[in-house]
1. Between Thr111 and Thr402, what length in nm is gained on full extension when 0.36 nm per residue of separation is reduced by their alpha carbon distance?
2. Once you've got the Cα coordinates, tell me which of Lys37/Lys394; Lys165/Lys394; Lys93/Lys165 are over 30 Å apart.
3. Which distance in nm do the two modelled labels at Ala96 and Val413 give, with both placed 7 Å along the Cα-to-Cβ direction?
4. Keeping all protein chains in position, work out how much accessible area Val206 exposes to a 1.4 Å probe, and write it in Å² to the nearest 10.
5. Modelling each spin label as a point 7 Å along the Cα-to-Cβ direction, I'd like the Glu163/Thr523 distance in nm, to one decimal.
6. Sort Thr343, Thr217 by accessible area with a 1.4 Å probe, largest first.
7. Please list 3J(HN,Hα) in residue order for segment 145-155, calculated via the Karplus relation 6.51 cos²θ - 1.76 cosθ + 1.60 where θ = phi - 60°; whole Hz, with x for glycine and proline.
8. If I ignore ligands, DNA and RNA and count only protein heavy atoms, how much of His398 is accessible to a 1.4 Å probe, in Å² to the nearest 10?
Amino acid sequence: MMSAIATNIPLAQATYSSSSLFLSLKTMKEISYLRPKLLYITLYCILGSAIPYLSIFYSDNLHLTSQQIGFILAIAPFIQSISCPFWTLQVDKYPAWHGRLMAILMLIGGTSIMSLMFIPYLLPNDKSIVTLVLTSTFAIIFAFFGQPVVVLVDSAVLKILGEHKIYYGDQRLWGSVSNAACILFVGYLIGLLGINNAFYLFGISVTAFLCVSSSTTVVNQARNIDDPDEYEPLMSPPNRVKGYYLGYPADGESPHPIDEENNTLRNDTNTDTFASDLRPCDSIASSQVNTIYYSYDHSHLLHPQITTSNVVQDVQEESNMLLEHQTFPSLGLVLSNIPTVDTSLAVLQTIDEHPGLLSQIIFGSPRIYTFLCMALLFGISYSMVAQFLFLFLKNELHIAPTLIGWTGPIGGVTEVGTFYVSRILLKSFSVSSLVLCSHLALICRNAVYMFLVPDYQFTAWIALSMQLLNGFSFALIWCTCVSEVDSIFPDNQRAMGQGILAALFSGLGFGIGCLCGGYFYDTYGSNMLFVISISIACLSMLIFSIGRFIKSR
């Protein structure tokens, strides 16, 4: 990843990057942000309270079958692939509404989840289609309005941090801690007081998030520079477009002339028409100075709209450069370098700008489409078990909710730990080795579940220990896939490649996995669920290996 970035940085920008690198390292421990941390803490309290235990609620309180539960759980992944890009586009267009929109969406989505609690009182012992339709309706509302708030918080935090967005991972880490602690605490609440208490904590968390998000202001972080030359690095040629390049002229227009060797505009360029066609480039300068200008007879100051996709790319590049200069980086810096699934999905909002790019990416070569097919199949195999794990632990192994809650911190620790060492693993092992390792970890976990005996003394602890493999396999496959996207796709296609990866892995993959998992669990039992999941994982490894073999020929 680093070599791809470094080769595109001119000497003047490299000089600028070195100084900014020194300043970033110097101030790494001096900057503290409270509001981003509060956003993440309250958001992941919401996601760690009632949401993980909904499958138990659907089964025990609403008396839905596993197949019906699978249908309801599949709603969120499918709709999320549409809602995340849609709402991200809105906050990018209207940044003044960013905080209030987060509050409004969470209010609507949170109300839909709280409404689930009243269905057993409105329709006691009802197993008819009415319960399924009502539950599905609330699930759709949360998927479209509530779930996208995750990426909106990521976007808000990155924009609030502005030039210091390198600290994004430090803020995000608080969300991981909050989520794990909340899952554990809610498990104890359910075991002692009943599952309705998960909804009470959910409501309290939503209220806290509304207070924080509604008072959050996100504005365009572009600077007002009175003298642009003061910020121009040494040896910078005149007429440079700093941090941006011209691209993709409209139909019927000729491309804007650019001297590619010197990265400057030619003298015959019409300065009145080219500004609207500026596109962000992959340079550290655009990360550090969120203002662009060009110079002819005098300087003109431009204030571009800062989009989520551009900011996400910037923080990846900056953290990548810092990681190259640190032997033992902070955990927050490592997390800044790894995009979340939700922020990757948000990039799909730009797909209409390049209609031919989608087919070009997916069908570019056997290596690419076998890689993407592997990501899809892994998502199916993983979600088939993950979405029904709590039901399996409670109904099949008879593990108490107070112990089930430990799945949160156990899986979270290994997931974050794997993220931390992922860079070392990617340097020490090949992509093929890491992909196969993540598949084998998933297969091993499922195989162990098949042979666990209910009510046995050590069954609960063995089942919980399998969450170590769960967190490891998920984090390893995601880090490896993101790294592979960076190596396969050229600079101008990486963001879209990550968006397609997230849509296949978390969107289509998780959605199909929920449907298939519910069907096999309901019809054939848990052992068949694990067998099918293992079979799909084996097929995923086979297809990926074939793609690698074709490449080597």
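1. Computed gain between Thr111 and Thr402 is 102.1 nm.
2. Result: Lys37/Lys394; Lys165/Lys394 exceed 30 Å.
3. 4.9 nm
4. Number for this one is 10 Å².
5. 6.1 nm
6. So the residues, ranked largest to smallest area, are Thr217, Thr343.
7. 9, x, 4, x, 4, 4, 6, 5, 5, 4, 5
8. 100 Å²
The values are calculated or read from the model by the stated rules, or taken from the named source; none is laboratory data. Fair warning: this is a prediction, and the values are worked out from it, not measured in the lab. FYI the Cβ positions are ideal-geometry reconstructions off the backbone, even for glycines, and counts take in every protein chain you see. In case anyone asks, the SASA skips ligands and DNA or RNA and just uses the protein heavy atoms, side chains included. Shrake-Rupley method; radii C 1.70, N 1.55, O 1.52, S 1.80 Å.
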